[in-house]
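Worksheet: one structure, shown below.
The values are calculated or read from the model by the stated rules, or taken from the named source; none is laboratory data. Because the structure is predicted, anything quoted here is derived from the model rather than measured. Neighbour counts run over all protein chains shown; Cβ positions are idealised from the backbone, glycine included. Heads up: the accessible areas ignore ligands, DNA and RNA and are worked out on the full protein's heavy atoms, side chains in. Shrake-Rupley method; radii C 1.70, N 1.55, O 1.52, S 1.80 Å.
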Amino acid sequence: FPTNGFVKSVHSQLDCVDCHDGIKEMVHPSKLPPPNCGSCHEKEAKQYAASIHGVSHELGASGAANCWDCHGAHEIVPVKHADSPVFKLNLPQTCAKCHSNPGLSKEYEMKFPQAASQYMESIHGRALLKMGLIVAPSCNDCHGVHDIKRGVDRDSPINHANVADTCGK
């Protein structure tokens, strides 16, 4: 894989064998198993497993977001870095990669496939993306981070019973 990005990564001090379970030696076949992010990020992995993305993936939805779909693969930089795909100003575009993808929204029967584009034009999206107001809500402020739930789940921050509290934040 290209090593230039990995050198700047938060994981630059790790070896392939640290993340990719089943690899015992540095010289290995080119097809690696996916990384086991939960071996270091246990809390986040547990939240992800119970999220809509994690549950969907467990049920066989291969297009459901994995850690690397949001954070990147080998070039992961801290969330607070402006070039991180999960930096607050970049998050709407990161989420939109899947949530504005007609193929994925049709395949997974997403209830609101236009939500990402609507966010971009909403008061929150304009404040964040056009005016640069970092205090404006981004996707994760309403939906959660690793623990994103469906709106019908009672403990989801976007469940109709919780929206007032979510917006009140």
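Expressed in units of 2.2 N^0.38 Å, where N is the residue count, the Cα radius of gyration of segment 91-158 is 1.13.
Here the peptides 81-87, 36-42, 129-135 are ranked by packing, the mean other Cβ count within 10 Å, and the order with the highest first is 81-87, 36-42, 129-135. Of the trypsin sites (Lys or Arg not before Pro) found in segment 1-108, those in coil by DSSP whose Cβ has at most 16 other Cβ atoms within 10 Å are Lys8, Lys24, Lys31, Lys80. Among the protein heavy atoms, those of Asp18 account for about 70 Å² of accessible surface (1.4 Å probe, every chain in place). Per residue, the convex hull around the alpha carbon atoms of segment 52-101 comes to 82 Å³. Using a Gaussian network model of the chain with C-alpha springs under 10 Å, which one of Gln13, Gln47, Gln114 is most mobile by mean-square fluctuation? Result for the chain, Cα springs under 10 Å: Gln13 fluctuates most.
Taking 0.36 nm per intervening residue step and subtracting the Cα-Cα distance, what contour gain separates Lys31 from His81 on full extension?
15.0 nm
When the chain is modelled as a GNM with alpha-carbon springs shorter than 10 Å, which of Pro33, Pro157, Pro78 fluctuates the most? In the Gaussian network model the winner is Pro33.
Taking the Cβ-Cβ separation of His20 and Lys97 as r and a Förster radius of 35 Å, what is the calculated FRET efficiency to the nearest 0.05?
Values: r = 24 Å, r/R0 = 0.68.
That gives a FRET efficiency of 0.90.
Which of His20, His143, His71 moves the most in a Gaussian network model of the chain with Cα springs under 10 Å? For the chain, modelled as a Gaussian network with Cα springs under 10 Å, the answer is His20. Identify the GluC sites (Glu not before Pro) of segment 69-169 meeting these criteria: DSSP loop state and at most 16 other C-beta atoms within 10 Å of the C-beta. Passing sites in segment 69-169 are Glu109.
Ignoring ligands, DNA and RNA, please state the percent of accessible area on segment 1-124 from carbon and sulfur, probe 1.4 Å.
Roughly 60 percent, rounded to a whole number.
Would you mind giving the three semi-axes, in whole Å and largest first, of the ellipsoid equivalent to the chain according to its Cα gyration tensor? Walk me through the numbers before you get to the answer.
On the way: eigenvalues 180, 76, 46 Å².
After scaling each eigenvalue by five and taking roots: 30, 19, 15 Å.
Computed over protein heavy atoms with a 1.4 Å probe, the accessible surface of the chain works out to 68 Å² per residue.
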